[in-house]
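Let me begin by presenting the structure, written as structure tokens, before commenting on it.
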Amino acid sequence: MLTSLSVFFFFPPPPPPVPLSHLPSSSNTGAAQDIVVSQNLVTDNVSVVEGEMAIISCRVKNNDDSVIQLLNPYRQTIFFRDMRPLKDARFQLVNFSDNELRVSLSNVSLSDEGRYVCQLYTDPPQEAYADITVLIPPGNPIIEARDEVLSEGNETEMTCTAMSSKPAATIRWMKGDKELPGKPKVELTYDKMYTVTSRLTFTVSRDDDGIPVVCIVDHPAVKDFQAQKYLEVQYKPEVKIVVEFPQGLTREGENLELTCQAKGKPQPQRVNWLKVDDDVPSHAVITGGDLYIENLNKSYNGTYRCVASNSVGESYDDYILYVYDAPTTTPIPTTATTTTTIITTTISSPEDDQDSRAGEGAPRTVDHAVIGGVVAVVVFAMLCLLIVLGRYFARHKGTYFTHEAKGADDAADADTAIINAEGGHTNSDEKKEYYI
């Protein structure tokens, strides 16, 4: 007859839990009752985002076959060797050996935060501690503006809020590519959760129109968490007068055409032309932003102003009109008695070269007075040259001598005159004739 045999296995019970009041703090490495904080055990602190998985590792440098176990913050045994007495299926064995006990904790919640104990079952027990920190990211940042539409030069205020985070988030502000300082406020809500609000105050200009203001939330659980709002800034018009014609000096008899360019937000609806301290000429034609005046004369000289306005303000630009004499042409003078050609050079004053109001160089012209002066100088020089040449020839005159022999007048014939004249040159009277 066969009899049943029952075999029982006995596992020694874990040591009694140590009261929390007797647990050593993170800064205390001394013993608490009979427990020794061991240098033979190695653990790592863990930071994990809520809902994710944490890994807890207990490593033994030198093991003498002692049992390794892992306890939760309430000193409850999670794993004893490779067995899990705790009925929490989120804890799973990752690795077990004589030198390591590694356990995973999935779907971490805020209640799992605390100090976990790695214990080497010796006499007295040796312990090391691993702190699990649960990170809770903030909700989507909320950015709010006090003013939806702004006017240039006004001050505005914005707020950005990051709610329910652990630890508290930090908030930065960017306007375009420039960082602006905000004023943060941190509030503790519940279960170690924090709400952070940052307030930003700044003055806007027309250059800020369409620029994004970005609220950036920094938190160890998230990256690139931000919200933004675009600025809408209204500003008074920018006015500029452009000369369409002429492209140079404005002269008598010519026409003048000016265009007034105005840009603002909102766009100016009306553009007005006026003449400062006087009336616009009666025959001037104004069409929208264009001013047209034909057959200019010097009575039109003055300052012409273009004025544009919108709901924000009014701006203007000025054009100073100065009408010059009409251009004239003069034949090139030449000398009447010589073949030398007199070359005249055009001489113009700096103000004739370019009209700064028109923005372009003007054609160079010859003035009557300048040409007359050049001709007078050339004629005077020719007269002086003739006088100098006359004086020169008068001083270098030529001479010749004629000699008549004495007694030649009384000779009967030529042969007798020659004979009488021999040797008589020395005693003869000299007669001189001069010529010029």
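The values are calculated or read from the model by the stated rules, or taken from the named source; none is laboratory data. What you are looking at is a predicted structure, and each value in this text was computed from that prediction instead of being measured. With ideal geometry, Cβ positions are generated from the backbone for all residues, glycine too; neighbour counts draw on all protein chains shown. To get the accessible areas, we keep the full protein, side chains included, count just its heavy atoms, and leave off ligands, DNA and RNA. Shrake-Rupley method; radii C 1.70, N 1.55, O 1.52, S 1.80 Å.
The HN-Hα couplings worked out from phi for region 216-233 by the Karplus form 6.51 cos²θ - 1.76 cosθ + 1.60 (θ = phi - 60°) are 10, 9, 9, 7, x, 8, 9, 10, 6, 9, 7, 9, 9, 9, 8, 7, 10, 10 Hz, whole numbers, x standing for Gly and Pro. Across region 58-63, coupling constants 3J(HN,Hα) worked out from phi with the 6.51/-1.76/1.60 Karplus curve, θ = phi - 60°, read 10, 10, 10, 6, 10, 9 Hz, and Gly and Pro carry x. One chain, two ends: D279 and V149. Fully extended at 0.36 nm per residue, the span grows by 42.9 nm beyond their Cα-Cα distance. Once you reduce region 61-83 and region 193-246 to the center of their Cα atoms, the two points are 58 Å from each other. Using the alpha carbons alone, the radius of gyration of region 97-205 stands to its Kirkwood radius in an Rg to Rh ratio of 1.27. When +1 charges are put on Lys and Arg Cβ atoms and -1 charges on Asp and Glu Cβ atoms, the dipole computed for region 163-223 relative to its Cα centre reaches about 200 debye. The portion of the accessible surface of region 115-203 made up by carbon and sulfur, rounded to a whole percent, is 48 (1.4 Å probe; DNA, RNA and ligands excluded).
Sequentially through region 172-178, phi angles give Karplus couplings (6.51, -1.76, 1.60; θ = phi - 60°) of 10, 10, 10, 10, x, 9, 10 Hz, Gly and Pro residues having no value and appearing as x. Amide H to amide H, which residues 5 or more places from V46 or on other chains are under 5 Å from it, using H placed in the peptide plane? Residues meeting the criterion, in which the H sits 1.01 Å from N, are D131, I132, T133. Taking every DSSP bridge with both residues inside region 131-250, close to 95 percent are antiparallel. Taking the charge dipole of region 54-139 about its Cα centre, with +1 at Lys and Arg Cβ atoms and -1 at Asp and Glu Cβ atoms, the residue from N62, Q126, P138 reaching farthest to the positive side is P138. Summarising the amide proton neighbourhood of E254: residues at separation of 5 or more, or on other chains, whose placed amide H is nearer than 5 Å comprise L296. Here's how it looks for K265: its modeled amide H is under 5 Å from those of Y235, which are all 5 or more places away or on a different chain.
By accessible area, using a 1.4 Å probe on protein heavy atoms only, region 276-322 has 43% of its surface on carbon and sulfur.
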